[in-house]
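Values quoted throughout were computed directly from the atomic coordinates according to the rules given, and no laboratory measurement underlies them. For clarity, every value in this text was computed on a predicted model and none was experimentally measured. When we count neighbours, we look across all protein chains shown, and the Cβ atoms used for this are built from the backbone with ideal geometry, even at glycine.
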Amino acid sequence: MRILAVDPGDKRIGIALSDPTGTIANPLTVIKHISRFKDAASIAQLAQDNQACLIVVGQSINEEGSPTPQGRRAGRLADVIRTQTQLPVVLWDESGSTQAARAARSALGVSKHKRRGHMDELAATVILQTYLDSQHSAP
């Protein structure tokens, strides 16, 4: 049961994929943002190519529990992805995913200079791993 995760951004979209057991998240790729429709089609195609059964889209949430402006854009992307695939698409709180990706790179000993690069696929991996962990801890 592979799950594909999406970290939508203004310029790039990070993509992560779970292992077949739906337990471990791994970075997959980064796609360049073109338009919501083309991005959604690319995401749906990646899900199909990788035999995913679910797509998780990261959505930023504010302190009150409402989507931020970026989170609303993620919601609109999720809506368009739903028109491109029969797979279920769920929104998942991505709060702190980029910071967690930076911390992970630091913990792995990546130099400060190299850590300045893109975090998109790692942020998608963090989003997916938190989703997977929540599903495995649910009763």
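Summary of values
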read-out: Extension gain (nm, one decimal) between residue 12 and residue 34, 0.36 nm per residue minus Cα-Cα; value: 7.0 nm
read-out: Full-stretch length increase - residue 72, residue 48 - with 0.36 nm per residue and alpha-carbon distance subtracted; value: 6.1 nm
read-out: Amide H contacts under 5 Å for residue 12, placed H, 5+ residues apart; value: 33
read-out: Fewest-first sequence of 18, 137, 60 by Cβ atoms within 10 Å of each Cβ; value: 137, 60, 18
read-out: Residues whose placed amide H lies under 5 Å from that of residue 68, excluding near-sequence neighbours; value: 60, 61, 62
read-out: Packing rank of 62-72, 124-134, where each peptide gets the mean count of other beta carbons within 10 Å, highest leading; value: 124-134, 62-72
